[in-house]
Ligand SMILES: C[S@@+](CC[C@H](N)C(=O)[O-])C[C@H]1O[C@@H](n2cnc3c(N)ncnc32)[C@H](O)[C@@H]1O
């Protein structure tokens, strides 16, 4: 997958919002301070930044398949407690039962074999440790995508666009719970994390789409120039901008945690 190539462009598009979700997600886990953490799909390091800020971890490993994102993260986060590893979510290069916590922010829906991945995360966590993740509620809690795909559909109704638009809708708490159960985790809990998404103006909303770091920006990049102009105009007209030009949207993520017996 080409998508995860430019950390500089990811943070304004998605990283800023994921960091805000992580800041609510981590306290919900109620993991004692001074634990050891693996962040799978660590990307540009937004979850690890939140971890270092609030959890006083003794050791952290960030694992991601994108060498470009890891290089970006490593450049910006130089804390000696953090190790960065290029790797796959389904095959972590660590020993059985060797970490206190595995977390994964905005990853599970992108992994080709999520069942295998969650089993792998359980494998590396010690008894009584935690495996946890969060994903956007793509049905009713990811307004960036929702407004984008609605505008695309208005311009060019197309079954392929409909497929793109709904490809992650299944990622609801019942599906996550089933995955965690199948992996053998216990004491499973889910919650919703609500997030105001406030943009200073249309440019603050739109410019991050131009960086190509996500399903919608990637789709946009592949469009012919005339379609791009129409799409931008359609979106601009559809957004509920306030009189001062600002845009106030609301996002929701689903979070899950389970314990290793
Ligand atoms: C939406 S980003 C999330 C990044 C970060 N966790 C956050 O919350 O901002 C998804 C990340 O997962 C990584 N990724 C996708 N599939 C992966 C896989 N199978 N194994 C490891 N990393 C993967 C991508 O490279 C990307 O950095």
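The values are calculated or read from the model by the stated rules, or taken from the named source; none is laboratory data. It should be emphasised that the depicted structure is a prediction, and the values quoted were computed from it without experimental measurement. For neighbour counting, all protein chains shown are included, and Cβ atoms are generated from backbone atoms with ideal geometry for every residue, glycine included.
Figure legend. Inter-residue proximity from segment 107-119: first residues in contact (Cβ under 8 Å) with a residue 40 or more places away in the chain and within 15 Å of residue 253 (Cα to Cα), second residues part of a loop (DSSP other than H, G, I, E, B) and more than 10 Å from the ligand (Cβ to nearest atom), beta-carbon distance below 8 Å, spacing 6+ or different chains. Indicated pairs: 108/171; 109/138; 109/168; 109/171. Exactly one residue out of 59, 49 is surrounded by fewer than 24 Cβ atoms within 10 Å (Cβ to Cβ), away from the ligand (no atom under 12 Å from the Cβ) and free of Cβ contacts under 8 Å to residues at least 60 places away in the same chain, and it is 59.
Can you tell me which residues in segment 219-261 are part of a loop (DSSP other than H, G, I, E, B), loosely packed, with under 14 Cβ neighbours inside 10 Å and touching a strand residue (DSSP E or B) at 6+ places or on another chain (Cβ under 8 Å)? Let's see the steps before the verdict.
To start, the set of residues in segment 219-261 that are part of a loop (DSSP other than H, G, I, E, B) comprises 222-224, 239-246, 260-261.
Narrowing further to those that are loosely packed, with under 14 Cβ neighbours inside 10 Å: 222, 224, 240, 242-245, 261.
Across segment 219-261, the qualifying residues are 240, 242, 261.
Apart from one condition, residue 146 fits all of (1) more than 14 Å from the ligand (Cβ to nearest atom); (2) surrounded by 19 or more Cβ atoms within 10 Å (Cβ to Cβ); (3) modelled with pLDDT under 95; the exception is (2). Picking from residues in segment 91-119 that are farther than 21 Å from residue 172 by Cα and within 12 Å of the ligand (Cβ to nearest atom), the one that is surrounded by the most Cβ atoms within 10 Å (Cβ to Cβ) is 92.
Look through 130, 207, 215, 226 and report the one residue that is within 29 Å of residue 90 (Cβ to Cβ) and more than 16 Å from the ligand (Cβ to nearest atom).
Numbers: 207 fails: within 29 Å of residue 90 (Cβ to Cβ); 215 fails: more than 16 Å from the ligand (Cβ to nearest atom); 226 fails: within 29 Å of residue 90 (Cβ to Cβ).
None of the other options fit; the residue is 130.
Run down 32, 80, 12, 112 and say which single residue is over 26 Å from residue 190 (Cα atoms) and out of contact with any helix residue (DSSP H, G or I) (no Cβ under 9 Å at 6 or more places or on another chain).
On the way: 32 fails: over 26 Å from residue 190 (Cα atoms); 12 fails: out of contact with any helix residue (DSSP H, G or I) (no Cβ under 9 Å at 6 or more places or on another chain); 112 fails: over 26 Å from residue 190 (Cα atoms).
Selected residue: 80, the only one of 32, 80, 12, 112 that is over 26 Å from residue 190 (Cα atoms) and out of contact with any helix residue (DSSP H, G or I) (no Cβ under 9 Å at 6 or more places or on another chain).
On the stretch given as segment 1-46, residues that are more than 10 Å from the ligand (Cβ to nearest atom) and at positive phi total 2. Residues in segment 62-83 that are away from the ligand (no atom under 12 Å from the Cβ) and either closer than 17 Å to residue 105 by Cα or in contact with a strand residue (DSSP E or B) (Cβ under 7 Å, 6 or more places away or on another chain) (or both): 74, 81, 82, 83.
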